[in-house]
Amino acid sequence: MSRGPSVVLHDSDYSDYYEKRTTQPSRSSSSSLNIAFVCPPLSGHMIPLLHIADAVVKRGHRVRVLCCDYGEAEFAPKAKKLGCEFEALDTDGMTAEKVHELAEAGGTTPFAPLLRLMEAPILAACERDRPDLIVADFVTFAASKVALQIDIPLVVNVPGPLSMVNSLLGLMDSSTHSAAFGFHFGRTTFSMFSVLAFFNIKGVRDMTKHLGEYIGGRGALTLVQTVWGLDRPQPLPPSIVVTGPVLPSPGDLRETLTREYPELRTFLKGSPTGVVLVTTGSLAQLYPWQVEAIFHGLKQAKCRVVWGLKEAAQAHLPSSTDPDFYISKWIPQAALLQDSTLECVVASKPIVAIPFFGDQPENANLLVGAGAGEYIGKVPAGGMDMNPYKEGDFTAKTVATAVAKIMANPDYTKAVAKMAKSSRASGGAEAAAQQIEWAARFGTCQLHYPLKRTNPLSGLLLAAAGFAALVGYRLVRK
């Protein structure tokens, strides 16, 4: 008489196991999920999340985008166009300028005051309409805090290089690992982040503490948008998943450009030799001398230019009507290139790097080291100052030289094209959406592990024992 198996595990569905071990519910594989995406109104952080949200919506799930109310005008239309709901978080009359003022007054980054401003409205939104999962940008600490507080599975999204995650968390550089006599040795890579964290400059140590708590031991799944070849290959814990770039398909992007930006499309068609795209992110405020140096440098290089420049900075342009320049406060960066670094990599476009703060110096270092770009001139050491450049660090001449060097040498394009090819192996937005769906259905308790603290005395005793063993070994050999 044959007997069937007592337990069947099919398609990696461990939901029965999780139901017995955690309060996080397992959802039927056919039910629609309620996913909350939470992010401050910062383009470099929000746009990658919206690309992922688009992929989640296409899988048949309900997506709510929670964002500060002062970002509603900019991001609500984009979210709703993707089929997402948009929920403005009440920040009591706050604006982007006021957030920066609070950060300056407190000697921190803008992410510290955002933690205080966003926590209560996020909690209220989640208690009113409890999501199956929270997807939080990595600096949206309020969302991570709320997820853990009310026991909702958490996914953290990092739209930046893995090397930045390593620096922020103080992870060992695996290439330095060695082992002897049962001991393992390794070191962390020196970086500006480690210096900032050590002295708690701009509150960076507090930021790394938050990240370490959520990503390290509290069971958050972390998605990292990087490219192997830009970042060095390395072993990763199961809580960190590399998705690669999360951009829409090139066909979708070209259609968006044609349909929604006809004037820009006409400008591009009138540039048979190509254009230079200038973008400096949503946080950095350019000084007048920087605007002038970039403008005159690109004129010297005889380039056609598309420039995303804030309205306030446009007042510093030597000319606002130059026919070789298309200047707007908002440009469809992804559509033009088909998180600026990854968009350029995917589109096989070399870069003249102008790193300002945060992960930008690390991104620039990776790109230049990979032969995919050049620096605009003298680059500051980095840090958390939004614009650390001093007048003369780059000039019209250095801008023109860097651009001309890249345009004259096809090796730059070949280097970035090689990375673009490798980027397709990580899965992109669809892979991120799959990870999010699994986390929502089955929870993330399997990624939670207790943080073990080593007793300093035990460490000293182990070191002494190892030294004694080494001395004994040498004596025996003699």
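If you check A197, A284 for being in a loop (DSSP other than H, G, I, E, B), buried (at least 16 other Cβ atoms within 10 Å of the Cβ) and at pLDDT below 85, only one passes: A284. Counting just the residues of segment 171-193 that are surrounded by 12 or more Cβ atoms within 10 Å (Cβ to Cβ) and at pLDDT below 75, which one comes out farthest from A364 (Cα to Cα)? So, considering only residues that are surrounded by 12 or more Cβ atoms within 10 Å (Cβ to Cβ) and at pLDDT below 75, the one farthest from A364 (Cα to Cα) is F183. Within segment 39-52, residues that are within 15 Å of G358 (Cβ to Cβ) sit with their Cβ atoms under 7 Å from residues that are surrounded by fewer than 24 Cβ atoms within 10 Å (Cβ to Cβ) and of a type in the set (S, T, N, Q), at 6+ positions apart or across chains, in these pairs: L42/S282; S43/S282; G44/S282.
Scanning segment 222-248 for residues that are hydroxyl-bearing (S, T, Y) and farther than 18 Å from Q360 by Cα turns up T222, S239, T243.
Considering only residues that are farther than 17 Å from L366 by Cα and either in contact with a strand residue (DSSP E or B) (Cβ under 8 Å, 6 or more places away or on another chain) or exposed (fewer than 15 other Cβ atoms within 10 Å of the Cβ) (or both), which ones fall in segment 151-169?
D151, I152, P153, L154, V155, V156, N157
Pairs meeting the criteria (first residue in segment 150-169 and over 19 Å from F193 (Cβ atoms), second residue of a type in the set (K, R) and at pLDDT 90 or above, beta carbons under 9 Å, at least 6 apart or on different chains) are I150/R130; I152/R130.
The values are calculated or read from the model by the stated rules, or taken from the named source; none is laboratory data. Keep in mind that this is a model prediction, so the values were computed, not measured. Neighbour counts are summed over all protein chains in view; Cβ atoms, including those assigned to glycine, are modelled from backbone coordinates with ideal geometry.
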